[in-house]
Amino acid sequence: MKKFNLFNEIIITSKKELLNAVNSQKEFGINTQGEIVFAPFNAKEILIYQDKHTPQASSALMPPKVPTLTDILGEKYQIVEDDDRLLIKAFSNWQELIKINTPRASYDDTTGDGVDKFANNELEDIGWNATEFDISYRELVEVLEEKCDGTLLCIEQEEPSYQFSGLGFIADDKQAKEILFNYCQEKIKKMTNEDPLYAKDNLSSDEEEAAEFFAVL
């Protein structure tokens, strides 16, 4: 998986397309490629902005004010105009981006508790059964991030102290299922063959059920 670290990334979008979206008064978003997209969003869409612009009410005493780009996107975005392009940094709006993107994320690694479930039911079945053999969600996520296609939307910095928070978006759930299943199957086979604590005759009923899930028994 590729990291999209908002501390470092500059998103480039079209000023004209953004203003057209604003004037449409429809809900729209800006994705990580800088594309303007409209609701309903794709199941795997990753957005650095999502909203619907409502023009300010005007009257004879208060003529309408032309909104600035900061008025449109919000003060937490850093915006630089470059002819017909807009260069955007969005890391200061991270908390809002968590709310926007979590419904489409494959897993959530934004809390101090770490990853505790997968959004995809088949991946969650693997994760749940793997815990019976002390294979943690953290371990499985590291396998996914190393071997699977997808994007890790995150904020990560080293100084002044290490900070990380991220949402994982797996591009191909079928690929991820196969990789995780095979990983757990091989590890559990080794454990039941080499670790006396997990010898097949010593397994609890829950461990036996998990071993059967991974076709080890």
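Data overview
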read-out	value
Scope segment 136-163; condition more than 15 Å from Asp109 (Cβ to Cβ) and either at pLDDT below 95 or over 14 Å from the mean Cα position of the chain (by Cα) (or both); matching residues	Lys147, Gln157, Glu158, Glu159, Pro160, Ser161
Near pairs, Cβ below 8 angstrom, 6+ apart or cross-chain, from segment 122-150 (not assigned by the TED database to the domain that holds Phe169) to any residue that is among the β-branched types (Val, Ile, Thr) and open to solvent by 50 Å² or more (accessible area, probe 1.4 Å)	none
Residue ID - modelled with the lowest pLDDT, chosen from residues in segment 50-67 that are in a loop (DSSP other than H, G, I, E, B) and surrounded by 10 or more Cβ atoms within 10 Å (Cβ to Cβ)	Ser58
From Glu186, Glu178, Glu207, residue being in a helix (DSSP H, G or I) and surrounded by 18 or more Cβ atoms within 10 Å (Cβ to Cβ)	Glu207
So Phe169, is it within 16 Å of the chain's Cα centre (by Cα), without any contact (Cβ under 8 Å) to a residue 40 or more places away in the chain, crowded, with 19+ Cβ neighbours inside 10 Å and not in a helix (DSSP H, G or I)	no
Test result for Asp134, closer than 30 Å to Ser205 by Cα and not β-branched (Val, Ile, Thr)	yes
Qualifying residue in segment 50-59 (condition: under 26 Å from Leu167 (Cβ atoms) and within 19 Å of the chain's Cα centre (by Cα))	yes
Scan of segment 14-30 for residues that are open to solvent by 40 Å² or more (accessible area, probe 1.4 Å) and of a type outside the set (A, V, I, L, M, F, W, C), ordered by number	Lys15, Lys16, Glu17, Asn20, Asn23, Ser24, Gln25, Lys26, Glu27
Subset tally (residues that are part of a strand (DSSP E or B) and touching an Asp or Glu at 6+ places or on another chain (Cβ under 8 Å)) for segment 26-49	6
Restricting segment 68-122 to residues that are of a type in the set (A, V, I, L, M, F, W, C) and part of a loop (DSSP other than H, G, I, E, B), the residue that is nearest to Ile10 (Cα to Cα)	Ala90
Members of segment 30-41 found to be without any contact (Cβ under 8 Å) to a residue 40 or more places away in the chain and more than 20 Å from Thr68 (Cβ to Cβ), listed by number	Asn31, Gln33, Glu35, Val37, Phe38, Ala39, Pro40
Residue list for segment 144-166, restricted to those being in a loop (DSSP other than H, G, I, E, B) and open to solvent by less than 40 Å² (accessible area, probe 1.4 Å)	Cys148
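Residues are listed down the side, and each one gets a yes or a no for (1) more than 19 Å from Phe169 (Cα to Cα); (2) outside the structural domain of Arg138 (by the TED database):
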position: Ile12; (1), (2): yes, yes
position: Lys26; (1), (2): yes, yes
position: His53; (1), (2): yes, yes
position: Lys76; (1), (2): yes, yes
position: Ala90; (1), (2): no, yes
position: Glu96; (1), (2): no, yes
position: Asp116; (1), (2): no, no
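The values are calculated or read from the model by the stated rules, or taken from the named source; none is laboratory data. Everything numeric here is computed off the predicted structure, so don't read it as measured data. Cβ atoms come from the backbone with ideal geometry, glycine included; neighbour counts cover every protein chain shown. All accessible areas refer to the heavy atoms of the entire protein, side chains included, with ligands and DNA or RNA removed. Shrake-Rupley method; radii C 1.70, N 1.55, O 1.52, S 1.80 Å.
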